[in-house]
Amino acid sequence: MKPNPRACVAYVAGQLVSDNNSSSIYDHSQSKHISISGKVQSNKVSVYDHDRGCHFDGNGNGTKYNLYDYGDSHHVDLKIKGNKFEGYDYGSSCHFSGDVNGRSISLYDYGESSHFNYSL
């Protein structure tokens with residue numbers, strides 16, 4: 001998965017699990033803050049990635065979300081289970097999983113075979 005879509009997934013998962021109202025996410029692998037604005041609700045996600053200048057949004061039911069990354073023009077499936085999440089990125093054709101602990105998010109990208117850490 002590309003770095004910014006991965007950061008958007010981490011942001012949405014972090015917002016859904018921890019209910020934080022952050023306007024950015026810190027990507028430790030890129031050593032930078034990514035400004036993200038919009039709303040993350042249990043039934044709808046509508047955020048804007050200012051770093052790439054694109055929307056990342058979709059619908060959900062509180063546990064399962066069908067999202068679309070307008071920057072890279074592909075779908076992302078996201079499932080929330082307590083403080084854990086998992087899903088599939090259609091842009092890179094790979095699975096991901098992770099967990100949220102307060103303002104910290106850890107995401108394992110199966111396509112990259114690596115962990116990535118974020119902070120809200």
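The values are calculated or read from the model by the stated rules, or taken from the named source; none is laboratory data. In this text, all values refer to a predicted model and were calculated from it rather than measured experimentally. Heads up, the Cβs are rebuilt from the backbone with ideal geometry, glycines too, and the neighbour counts pull from every protein chain shown. Side chains included, ligands, DNA and RNA excluded: accessible areas come from the protein's heavy atoms. Shrake-Rupley method; radii C 1.70, N 1.55, O 1.52, S 1.80 Å.
With a requirement of 3 or more residues that are open to solvent by 70 Å² or more (accessible area, probe 1.4 Å) and either in contact with a Leu (Cβ under 9 Å, 6 or more places away or on another chain) or without any contact (Cβ under 8 Å) to a residue 12 or more places away in the chain (or both), none of the strands (runs of 3 or more DSSP E) lying completely within the range 12-95 satisfies it. Here Gly102 fulfils each of the conditions (1) surrounded by fewer than 17 Cβ atoms within 10 Å (Cβ to Cβ); (2) modelled with pLDDT of 95 or more; (3) small (Gly, Ala, Ser) apart from (2).
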